[in-house]
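Peer 1: Before we start, here is the structure in question, set down as structure tokens.
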Amino acid sequence: MASGPALPDSLVLEIFLHLPHDAVLIAGLTCHQWLAVSRDEFLWRELFYSYYRIPRSVPRHPAAVSWYREFKRLFDCIPCVEVQTLREHHDQVLHLAFSHRGHRFSSCSKDCTVKLWDTERPDGDIALVHSSSMRQFNWGYTQFSQFNADDSLLLVSGVYLGPHQSSSGEIAVISLENYTLLSRVRNKPYDVFGCWLNEAHLISGNLHWIGNMTSCSVLWLNKAFQVWIRDTVNVVKRLFKIQNMNASTIRTVMVAHCRRHDSPDLLLDYEAQSRARAERERGGQCHQPLLFDLGDSEQEEEEEDGDEQEDGEEEEAGEAGRAYPRPTHAAHSLRLGHMIQGQRSTTERERELESRVAEFMGKTRTSRPDSSLLTPSPSGEAEEKTYLLFTTGSLTYSPHQIGIKRIRPDQMTTCGPVLGEERSSDEFFDSLDHVIDIHGHIIGMGLSPDHRYLYVNSRAWPAGCVISDPMSPPPIAEEIDLHVIDLKSLREERRSLRAHRAFTPNDECFFIFLDVSRDFVASGAEDKHGYIWDRHYNICLARLQHDDVVNSVAFSPADQELLLSASDDSTIKVWRSPRMVRLARAPPRPAPTRRLLSWLLEKRNADAAAAASTADLNGKP
């Protein structure tokens, strides 16, 4: 039967524009003409914007080579297919962390163990390689872990059960060569978590109460190997001493090494952002991050840090507490019961007097902030800067601000002066170099791979709320906002992502760990799901289901198409992209045609040579 005349390409394109993407791909298999039209760039541009519901003001990712491949990347390369469930933990799994190579990852749990897993098995499955229990050191549970830069050491943070059931924190360093415990460092409050500064040094915290509403956080630099070598090399050195107002404390410390500020891995400057800036210039009510200058230092005698540590231990011994059901209960980690009791027994006038005294000390006894944060280097080149990032607050005990403190090169080792001897006698506190207010309760933070962008989970306060009592913060939203902060400009650069939810009230709010890969950002949530967004297009791409709260997610740094999620349901789920699952299940490919043809020719020649030899032996011509 003779075929009729072919439809014009323009008509075929118009038809394809009204079909879903999968129907277009199937139709493209009909003939060469339809195949060519089914790969048309204009067609896939329209399909891309309509399917993912992306504003047309958002341009295509600068690294994308075609609209068709960009559609395929978002559709086929998201780690959203569950391929394995790990059930070796026997209680809530709280945190996951990959090694920098991606060949191992660690997990922390309420069962008080830290486990190490292998991701490079030949069969593609993930297997447990080591488990360490911390109960022998009087820990309540493990809550956080982090590999050092060369993946030779593992930092493990947990809750330490002290006298009278008091709960402080402790950090352990484990060798990954033979799984031996190298050192233990006290960490207070426990939701400081701790972090590596470099391969051999880690940062911990301590907390000293000055009054009912005022405290002092001391951040310490510790050697991973707590062995005294010689008099000029210390095992511990004080980094910063920062005053806390209104019952707030420093928590969730992390280090950002901003090396590649001039080559970001995320494009932010598109039209939506330009319009937001224009609205701010016209006097709109858009949120602008705040900078708090705590003033100069003039005079004050600095107390001995050894005495401070003793006082802190006495406080801890007398602290009434319990084994907390979750890490980072904001009010619990601040001894909320103690402060509420103090609030009841303290008149409003006394509290106001304490606040004024603390404010005066902050203004007159605090060193100057580092003015070089926003100042470009004299050579005009991108200077490598190291920032200490943490959550804090100035209005209430709930963490609502990101504090930033620059770490100078001479501060990255325990050599040199100790216990603040390099400071003048009238500088009692260190200032914060920069503060960004999130206007809500911060419940998670994560850095992009290039350390330029900080992603922050928060639960917003009501618009226009006024805080009159620091012990009664505003109610927080059930929706979790995901903010993006550019550490080059030190300001928030993106509108908030909102797809995941949390339900606990302010005084029970806990930490939900998030993670960032080259193209994606993922977070857990209290609605029993993990979520994945595309960093460039600002859209939610996948929901990862569990049977309980999802506490932590982690991308493999070696392959962002591998994602892990940890939950209160005591499981770790392994997620891979549809593309990787399809490749793993595909049968082995046959030999390529060219190789097969060469093999056939060689076989034919060999057969001909064998036949000729046989003929010669038989005496045939």
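The values are calculated or read from the model by the stated rules, or taken from the named source; none is laboratory data. Small disclaimer: the values here were computed from a predicted structure and weren't measured. So basically every Cβ, Gly included, is an ideal-geometry build from the backbone, and we count neighbours across all protein chains shown. What goes into the accessible areas is simple: the full protein's heavy atoms, side chains included, and nothing from ligands, DNA or RNA. Shrake-Rupley method; radii C 1.70, N 1.55, O 1.52, S 1.80 Å.
Peer 1: In region 159-196, how many residues are touching a Lys or Arg at 6+ places or on another chain (Cβ under 7 Å), farther than 12 Å from residue 142 by Cα and either at pLDDT 95 or above or of a type in the set (Asp, Glu) (or both)?
Peer 2: 1
Peer 1: Looking at region 450-523, what strands (runs of 3 or more DSSP E) fall wholly within it and have at least 2 residues that are touching a Lys or Arg at 6+ places or on another chain (Cβ under 9 Å) and of a type in the set (A, V, I, L, M)?
Peer 2: Details: elements: 453-460, 479-486, 497-501, 514-516, 520-523.
Strands (runs of 3 or more DSSP E) meeting the threshold: 479-486.
Peer 1: Which members of region 129-139 meet the condition of being in contact (Cβ under 8 Å) with a residue 12 or more places away in the chain and either open to solvent by 70 Å² or more (accessible area, probe 1.4 Å) or of a type in the set (Lys, Arg) (or both)? Let's see the steps before the verdict.
Peer 2: Here is the first cut: in region 129-139, the ones in contact (Cβ under 8 Å) with a residue 12 or more places away in the chain are 129-135, 137-139.
Of everything in region 129-139, those that are in contact (Cβ under 8 Å) with a residue 12 or more places away in the chain and either open to solvent by 70 Å² or more (accessible area, probe 1.4 Å) or of a type in the set (Lys, Arg) (or both) turn out to be 135, 138.
Peer 1: Okay, moving on. Would you check which residues across region 12-32 are within 17 Å of residue 45 (Cα to Cα) and part of a loop (DSSP other than H, G, I, E, B) and list them?
Peer 2: To start, the set of residues in region 12-32 that are within 17 Å of residue 45 (Cα to Cα) comprises 12-25, 28.
Residues satisfying the conditions are 17, 18, 19, 20, 28.
Peer 1: On to the next question. Among the residues in region 448-463, are any among the charged types (D, E, K, R), over 19 Å from the mean Cα position of the chain (by Cα), over 17 Å from residue 391 (Cβ atoms) and open to solvent by 10 Å² or more (accessible area, probe 1.4 Å)?
Peer 2: Initially, region 448-463 is screened for residues among the charged types (D, E, K, R), giving 450, 452, 459.
Now drop any that are not over 19 Å from the mean Cα position of the chain (by Cα), which leaves none.
Checked region 448-463: no residue is among the charged types (D, E, K, R), over 19 Å from the mean Cα position of the chain (by Cα), over 17 Å from residue 391 (Cβ atoms) and open to solvent by 10 Å² or more (accessible area, probe 1.4 Å).
Peer 1: Six or more apart or on different chains, Cβ atoms under 8 Å: show the pairs whose first residue is in region 509-529 and at positive phi and whose second is open to solvent by less than 10 Å² (accessible area, probe 1.4 Å) and in a strand (DSSP E or B).
Peer 2: Close Cβ pairs (under 8 Å, with a partner that is open to solvent by less than 10 Å² (accessible area, probe 1.4 Å) and in a strand (DSSP E or B)) amount to 528/550; 528/567.
Peer 1: Answer yes or no: is there a residue in region 45-67 that is in contact with a His (Cβ under 6 Å, 6 or more places away or on another chain), of a type outside the set (Lys, Arg) and open to solvent by less than 80 Å² (accessible area, probe 1.4 Å).
Peer 2: Yes: region 45-67 contains one or more residues that are in contact with a His (Cβ under 6 Å, 6 or more places away or on another chain), of a type outside the set (Lys, Arg) and open to solvent by less than 80 Å² (accessible area, probe 1.4 Å).
Peer 1: I'm told residue 64 meets every condition in (1) in a helix (DSSP H, G or I); (2) without any contact (Cβ under 8 Å) to a residue 40 or more places away in the chain; (3) of a type outside the set (D, E, K, R); (4) touching a helix residue (DSSP H, G or I) at 6+ places or on another chain (Cβ under 8 Å) except one. Can you identify the failing condition by its number?
Peer 2: Failed condition: (1).
Peer 1: Do we have residue 557 as modelled with pLDDT of 95 or more, open to solvent by 50 Å² or more (accessible area, probe 1.4 Å) and closer than 30 Å to residue 515 by Cβ here? Give the steps one after another, and end with the answer.
Peer 2: Numbers: modelled with pLDDT of 95 or more: yes; open to solvent by 50 Å² or more (accessible area, probe 1.4 Å): yes; closer than 30 Å to residue 515 by Cβ: yes.
Yes; evaluated as a whole, the condition is true for this residue.
Peer 1: Kindly evaluate residue 491 against the criterion of being under 18 Å from residue 61 (Cβ atoms) and touching a residue at least 60 places away in the same chain (Cβ under 8 Å). So that I can check it myself, show each step before the final result.
Peer 2: On the way: under 18 Å from residue 61 (Cβ atoms): no; touching a residue at least 60 places away in the same chain (Cβ under 8 Å): yes.
No.
Peer 1: Then there's this: Against the condition touching an Asp or Glu at 6+ places or on another chain (Cβ under 9 Å), modelled with pLDDT of 95 or more and either more than 30 Å from residue 157 (Cβ to Cβ) or surrounded by fewer than 19 Cβ atoms within 10 Å (Cβ to Cβ) (or both), how does residue 100 come out, does it pass?
Peer 2: Yes.
Peer 1: For residues that are part of a strand (DSSP E or B), open to solvent by 20 Å² or more (accessible area, probe 1.4 Å) and under 23 Å from residue 409 (Cα atoms), tally how many sit in region 207-225.
Peer 2: Result for region 207-225: 1.
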